[in-house]
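The values are calculated or read from the model by the stated rules, or taken from the named source; none is laboratory data. Since the model is a prediction, treat every value here as computed from it, not as a measurement. Heads up, the Cβs are rebuilt from the backbone with ideal geometry, glycines too, and the neighbour counts pull from every protein chain shown.
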Amino acid sequence: MVDNAEFDDIPGTTVFTAERSHQGFHLNQFCMSLMKPENRKRFKANERAYLDEWPMTQAQKQAVLDRDYNAMMANGGNIYFLAKIFATDGISFQTAAASMTGMTEQEYAAMMLAGGRSPEGVRSIKEGR
Amino acid sequence: MAHITAGLTTSHVPAIGVAIDQGKEQSDYWAPVFAGYEWTKKWVAEERPDVIILVYNDHASAFSLEMIPTFAIGCANEYPIADEGFGPRPVPAVVGHPGLACHLAQSLILDEFDMTVINKMDVDHGLTVPLSLVYGKPEAWPVRVIPLAVNVVQYPPPTGERCYKLGQAIRRAVESYEEDLNVQVWGTGGMSHQLQGPRAGLINQEFDNEFLDNMIDNTAQLRRISHLEYLRESGSEGIELVMWLIMRGAMGENVRELHRFYHVPASNTAVGHLVVEPT
């Protein structure tokens, strides 16, 4: 039996396993539909109606409407698929990443310029390192 | 006979593609990144490879969750540029080398690497950003490209050891192809970065620089790095570095370092770049 429990010991990180892929299948396929300009146009015109065309859970749809990327990942979203949403919104990967950290966009950009987030203390919860 | 003459690794950060497409190469933010590729641009103009076997990962552009191939090789004549949600990058279509690609597919499968064969595929920033970094903005790419896509999106990706061995098999396959071709192998992605969750923005310069050192003369160390260690040390997307080991395996036991570059940051990512030749 494959044990993925070790992945949950890494703070602030969602590892996209086969189970999460199954859970998020329709959410991620919806994201991929945004690679077509006509679909982006329809989505932006009426997000709720466009989402209702997909057999997604209510929690998945609400997370998309709220642009809550952490909630999307908790419901099976994968960041490379979710990137189609913020690309449709005209938002950069850095801005989207910042939104997941609880930092402001400026704070996050400054952290990156200063060398990024140190791995010290965020490697393992149980080992405290 | 076809020969592998050199190997190259580089990050393939999408924001680098945007900077090139918008003409921002000389801005304060981007100039230090592009400076690291000046040497390589001159070098490749002299080397004039015929074919690049370009190892990269698709970012939910060609492969949806309907099917997730671990290793896939492109055998098409041409690869259109993917629309990743903001229109396709304004770069030329990528021209393949079906002759060598079909030979590789057949040789690798018979050598016990069960490749998925791709006859139609759009290519995304993972493949086009490395070409732009090295060749700039040509009217047409002056080289043929064989895309070799590796799954690093859904866990588990292939292990580093498996990737290194695939590289070794690629070398055997290229050297059994009759046409006289100058072939390079490029491994792309990395270095440390995390694009998701509250830990986004992780960069590990110590890990990255040790990785660059070991790419030259201590591959045994790199081949042992577990998925868990990549996740802990190099961020959730640092696992892309396994693709560098395919290039390294294709070089044979010993290499000479021709060029090395490291810079933080490009958007969320540490940029690493190596050029090596087999000795």
| field | strands (runs of 3 or more DSSP E) contained in the stretch B:62-174 and holding at least 1 residues aliphatic (A, V, I, L, M), away from chain A (no Cβ under 14 Å) and under 22 Å from residue B:5 (Cβ atoms) | value | B:71-74, B:144-150
| request: For the stretch B:80-89, indicate whether the set of residues that are modelled with pLDDT of 95 or more and surrounded by 22 or more Cβ atoms within 10 Å (Cβ to Cβ) is non-empty. | output: yes
| said: Would you confirm, using the coordinates I've provided, whether residue A:81 is surrounded by fewer than 22 Cβ atoms within 10 Å (Cβ to Cβ), aromatic (Phe, Trp, Tyr), facing chain B (nearest Cβ under 9 Å) and under 26 Å from residue B:231 (Cβ atoms)? | reply: no
| said: Cβ-Cβ under 7 Å, sequence separation 6+ or interchain: first residue in the stretch B:231-258 and on the phi > 0 side of the Ramachandran plot, partner of a type in the set (A, V, I, L, M). Which pairs? | reply: B:235/B:202
| request: Could you list, in sequence order, all residues of the stretch A:84-126 that are in contact (Cβ under 8 Å) with a residue 60 or more places away in the chain and more than 7 Å from chain B (Cβ to nearest Cβ)? | output: A:125, A:126
| task | Any chance you could count how many residues in the stretch A:1-57 are part of a helix (DSSP H, G or I), more than 18 Å from residue A:84 (Cα to Cα) and in contact (Cβ under 8 Å) with a residue 24 or more places away in the chain? | result | 4
| Does any residue in the stretch B:183-199 that is within 7 Å of chain A (Cβ to nearest Cβ) and among the hydrophobic types (A, V, I, L, M, F, W, C) come within less than 6 Å, Cβ to Cβ, of a residue that is part of a loop (DSSP other than H, G, I, E, B) and crowded, with 24+ Cβ neighbours inside 10 Å six or more places away or on a different chain, and which pairs are these? | B:195/B:237; B:195/B:268
| message | What are the pairs with Cβ atoms under 8 angstrom where one residue, in the stretch B:73-84, is under 13 Å from residue B:126 (Cα atoms) and the other, located anywhere, is among the aromatic types (Phe, Trp, Tyr) and not in a strand (DSSP E or B)? Sequence gap at least six, or different chains. | response | none
| Test set (1) touching a helix residue (DSSP H, G or I) at 6+ places or on another chain (Cβ under 8 Å); (2) surrounded by fewer than 24 Cβ atoms within 10 Å (Cβ to Cβ); (3) of a type outside the set (Gly, Ala, Ser); (4) over 26 Å from residue A:116 (Cα atoms) - residue B:170 fails condition number | (2)
| query | Can you tell me which residue in the stretch B:1-56 is modelled with the lowest pLDDT, limited to those that are closer than 30 Å to residue B:172 by Cβ and assigned to a loop (DSSP other than H, G, I, E, B)? | reply | B:1
| said: I'd like the residue in the stretch A:28-54 that is under 15 Å from residue B:63 (Cα atoms) and hydrophobic (A, V, I, L, M, F, W, C) and, out of all such residues, is farthest from the other protein chains (Cβ to nearest Cβ). | reply: A:30
| Scan of the stretch B:175-187 for residues that are surrounded by fewer than 18 Cβ atoms within 10 Å (Cβ to Cβ) and either at pLDDT below 95 or assigned to a strand (DSSP E or B) (or both), ordered by number | B:182
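What residue, of B:13, B:51, is crowded, with 22+ Cβ neighbours inside 10 Å and touching a Leu at 6+ places or on another chain (Cβ under 7 Å)?
Values: B:13 fails: touching a Leu at 6+ places or on another chain (Cβ under 7 Å).
Matching residue, one of B:13, B:51: B:51.
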| What do you reckon, is residue B:200 modelled with pLDDT of 95 or more, buried (at least 18 other Cβ atoms within 10 Å of the Cβ) and in a strand (DSSP E or B)? | no
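Of the residues that sit in the stretch A:1-27 and are in contact with a Lys or Arg (Cβ under 8 Å, 6 or more places away or on another chain) and within 7 Å of chain B (Cβ to nearest Cβ), which one is farthest from residue A:121 (Cα to Cα)?
So the residue we want is A:14.
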| note | Of the residues in the stretch A:89-107, those that are closer than 27 Å to residue B:83 by Cβ and either assigned to a loop (DSSP other than H, G, I, E, B) or over 14 Å from the mean Cα position of the chain (by Cα) (or both) number 6
